């Protein structure tokens, strides 16, 4: 869809009509509050964090509506269970807990008399070989993008997610890839993160770009993929919908046991 | 079997003879469709789609009247003792116009015909309606009629009586056109210069049509002038057009070639910043016809259109998308005798798109195609003055290539192809127009459709969770499954006084080709898929009733129709479906359900006079219920619109100037807005509850037009056409999205995007 938007932009340039944007008031009904679980276990110590919160009304502020007092546990297949400690309202952590590649983990959250369960498989590690930048001219502007190179292992389904920081500031957007059309290939991929402000470029010469690569399981990929299609508020999907969650009992959010690596590069 | 009965009683009455033949235009030899042939208070009929008529009369003296819109009416006095052929050419009215006269601008609706829910427009009628960029567009014009709804700015999709955009059977000289849009939907593929007329069936489809649920758009191309050479053309803001037609052998054969191309990309090439981008479309219509004698006529017509769009990324080609339709129709009319007419058609139809991505390490193409080979035969038998029977069959072989990726070896993307899908669609039909009494007409018919899914390839069983649980392998040519459906078609009209009638109809339609889309606007990459062992044929049943009245001495025409329609086996994507999956089991991404739609349509048309035009109003409701969506509850379809109004007016100021205006208003589309929001991984995510529970703001727009005839003689004419699209600059919502406030990320806001504000245009047209 992003590609089609570039064509639409071209159509508007060629036919000299300008689309105009206006902030409008939309009267939105209030819905019952829903529980949100944002749970991550990584292959590194200090990476385990579970955030429990609830939905807010559209016109409320964006601050995190944490729910304290929940009982949050993560168990491995052999039944070793770790209880996470609440470090601030709604944030639960187990600094020493890290996952093993190929192992399945079960998350259990008990709050408000309800129990929510999810399982996630920590994939094998696929090494991020390198990160480099390229310059690309899109219409009149020259943009800098980060690129990643890694070798996808053949014969197994792999799913990846990338997060980009520019001088420590997280770039907006969701970037996930799978090897559905690329099994066993050497990936050399441009991370198309765009500035949400037309007047400011996302990456300028001299900026330090940090790329985080996550190896995730199929359910987590589905979560981010469906969020990108339907719930970020920006796209033109026919039917916006909640992302497909791997947590039961109607909770929003996801639980991912993921392999995390980072690399840095300075834009020339 | 009522018609057999009436055949049997004919000999008992006065001796009957049949008059038959073909009506044409004297000026250019074009056959006249829907022209009236009648003997006052004795009998009357209309010419068929090839200009053929057959009229049963008692032997003796008669004065036969032959008339058509824009033509001089002719009377022929005959003394009939045996079956007789009368071929006639009618003279054009308009050429002899020395002053502005009150003439009929559009064909009257037949009060007596049993056909309900039909709209017809000619290229002539839409000529003056103001349009975006001055591109006359017959497909946009019909969207100003009740029950036919435009999908909105920047979208050529249309919704007929609550049906989806893929439920319209769009036929160009009988060939199905799978994507009728140019430039992401800003324009339609039909170059109005090549089009003779368009007929839209919103309900009560005659049995010769089938394969789509909602509507039939039957578009006929001009045949080509077989009297004189004609060159006409125009230069507009975005495109240039040229039309050449003329006789190959006078009176016997003619040709027509019409081409159109946008040229804005020429200016792109001249700029440094955009020189690698491209953006254009072109189309070409061509037709030849040959009269082999009194009884045979052959037509060969073709359409070819292409869009090429490319947004370059740096020196790389970037993102490109090309798509196009190609159709070819070979037809043979044969007149056995004055009562028996036959048409045989071979039709080829192709639609494909190709996406190319070349950027950095990526260099690959995605290709998809649907192709039809189609054979049709229809016999029209004018049995008596009370019965007119049509029987026929249609056989189509579909080949679908859902998706093929090609790339170089050095690439991150591997070459692969989804299984080709083959299917064979057959139908037989019979339909009879029975004049049960002088003021009662009944059309009854049936269409039997059989859709066979053919191997080879794998077919699947999918569980409720969307996982493949079984795979069945079929060899090439093996029958996987055949869906047989019986489609009754019934219609009746009762003309209870000379100026009013009531009509009612029932129709069942089935559809075995489905367009799967996950975006709000139609996109060239929306996927056509055929029914499979799991994807069942879509079925619709529609009842419509109508009241028709001619007012003010036939100056005005009032139509009021109501309909109720149910739809089975409707298809939607699951949440989070991957459209470009390498999986052959598309069923894993789909959900099924049903739909219903009902409404009231009112049309008041002024056909004659300096001021002509119409007011159309639709009140309607369209809902869907799909298991797995919206908690399995009924929800508003996106195209559900409570009110839809269009006012179209053309005013002939004087010989030189014609002014026109149209105004549309409709309730905003049903849409899903967030019920709340939350934070995940540091980003704002929106929380949704009910599907399509909100409305876009109401859409309204005024367009103005003016045409100035610079010169008009018998030999040549030229004119300037001006238009102003969206005259009062209403910022209609193209989309509404939600985001964090830029300068204050702790809050969120809704943003409306509008595409057009005042688009003026000018075009120059000539003809000699």
Completion exercise
Shielding of A:241-250 by other chains, given as the mean Cβ count within 10 Å, works out to 3
Practice task
At 7 Å along the Cα-to-beta-carbon direction for both residue A:212 and residue B:428, put a label point, then send me their distance in nm to one decimal.
Solution key: 6.8 nm
Problem - Span from the the stretch B:582-596 Cα centroid across to the the stretch B:12-42 one, whole angstrom - result: 51 Å
Problem - Bins of 10 Å from zero: percent of alpha-carbon pairs in the stretch B:561-640 - result: 16, 31, 23, 16, 11, 4, 0
Problem - Peptides B:138-146, B:239-247 ordered by average Cβ neighbours within 10 Å, highest first - result: B:138-146, B:239-247
Handout entry: Residues residue B:500 and residue B:290, FRET efficiency given R0 of 51 Å [Cβ-Cβ distance, rounded to 0.05]
Key = 0.70
Fill in the blank from the handout: Exposure-ranked with fewest Cβ neighbours within 10 Å first, B:229, A:255 stand as B:229, A:255
Exercise for the section: Starting from one equal scatterer on each C-alpha and no solvent at all, send me the Debye-based log10 I(q)/I(0) for the stretch B:387-488 at q = 0.21 Å⁻¹, two decimals. Expected result: -1.10
Exercise for the section: Find how much the distance from residue B:417 to residue B:231 grows on full extension, using 0.36 nm per residue of separation minus their present alpha carbon separation; answer in nm with one decimal. Expected result: 62.3 nm
Completion exercise
Computed curve, the stretch B:200-250, Cα-only Debye sum without solvent term, log₁₀ I(q)/I(0) at 0.16, 0.29, 0.30 Å⁻¹, is -0.72, -1.10, -1.15
Exercise for the section: Mind checking B:666-677 for the average number of partner chain beta-carbons within 10 Å of each residue's beta-carbon? Expected result: 5
Handout entry: Cα-based radius of gyration of chain B once divided by 2.2 N^0.38 Å, which approximates compact folds
Key = 0.98
Practice task
Over the stretch B:223-263, consider all pairs of different Cα atoms and compute the Kirkwood hydrodynamic radius from their mean reciprocal separation; express it in Å, one decimal.
Solution key: 10.7 Å
Practice task
Distance from a point 7 Å along Cα→Cβ of residue B:753 to each backbone N in the stretch B:716-743: keep the residues under 18 Å and list them by number.
Solution key: B:731-742
Completion exercise
Once both label points are put 7 Å beyond Cα along the C-beta direction, the residue B:393-residue B:348 separation in nm becomes 2.4 nm
Fill in the blank from the handout: All alpha-carbon distances of the stretch A:140-235, grouped into 10 Å bins from 0, give the whole-percent distribution 14, 43, 33, 10, 0
Practice task
Using the number of other C-beta atoms within 10 angstrom as an exposure proxy, rank B:614, B:424 with the fewest first.
Solution key: B:424, B:614
Handout entry: Extension gain (nm, one decimal) between residue B:467 and residue B:63, 0.36 nm per residue minus Cα-Cα
Key = 138.2 nm
Problem - Inter-chain Cβ neighbour average for residues B:684-694, partner chain, 10 Å - result: 6
Exercise for the section: May I ask for the angle, rounded to the nearest 10°, between helix A:218-230 and the longest principal axis of chain A, with both axes built from Cα atoms and the value confined to 0 to 90°? Expected result: 50 degrees
Fill in the blank from the handout: When B:723, B:41, B:612, B:110 are arranged by how many other beta-carbons sit within 10 Å of their Cβ, fewest first, they go B:41, B:110, B:612, B:723
Exercise for the section: Tell me the label-point distance for the pair residue B:79, residue B:690, using the 7 Å Cα-to-Cβ offset, in nm and rounded to one decimal. Expected result: 7.8 nm
Problem - 222 nm mean residue ellipticity, helices alone, for chain B (DSSP H n ≥ 4; -39,500 (n - 2.57); rounded to 500) - result: -500 deg cm²/dmol
Fill in the blank from the handout: Taking a ≥ b ≥ c as the square roots of the Cα gyration tensor eigenvalues, with a/c under 1.5 meaning rounded and otherwise prolate when a/b beats b/c or oblate if not, the stretch A:35-121 comes out prolate
Practice task
Could you calculate the FRET efficiency of residue B:631 with residue B:263 from 1/(1 + (r/R0)^6), where r is the beta carbon distance between them and R0 is 51 Å, rounded to 0.05?
Solution key: 0.50
Practice task
Between the alpha-carbon centers of the stretch B:290-352 and the stretch B:172-234, tell me the distance in whole angstrom.
Solution key: 11 Å
Exercise for the section: Mind giving me the FRET efficiency for residue A:170 and residue B:298? R0 is 60 Å, r the Cβ-Cβ distance, nearest 0.05 is fine. Expected result: 0.30
Exercise for the section: Note the direction-averaged projected area, equal to a quarter of the hull surface, for the Cα convex hull of the protein assembly as shown, in nm². Expected result: 42.6 nm²
Problem - Antiparallel bridge percentage (DSSP; both residues within the stretch A:13-98; nearest 5) - result: 100 percent
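Taken together, the values in this text are just the output of simple stated rules run on the coordinates, not laboratory data. Note that the coordinates shown come from a computational prediction; the quantities given were computed from them, not determined experimentally. Quick reminder, even Gly has a Cβ in these numbers, built from the backbone with ideal geometry, and neighbours come from all protein chains shown.
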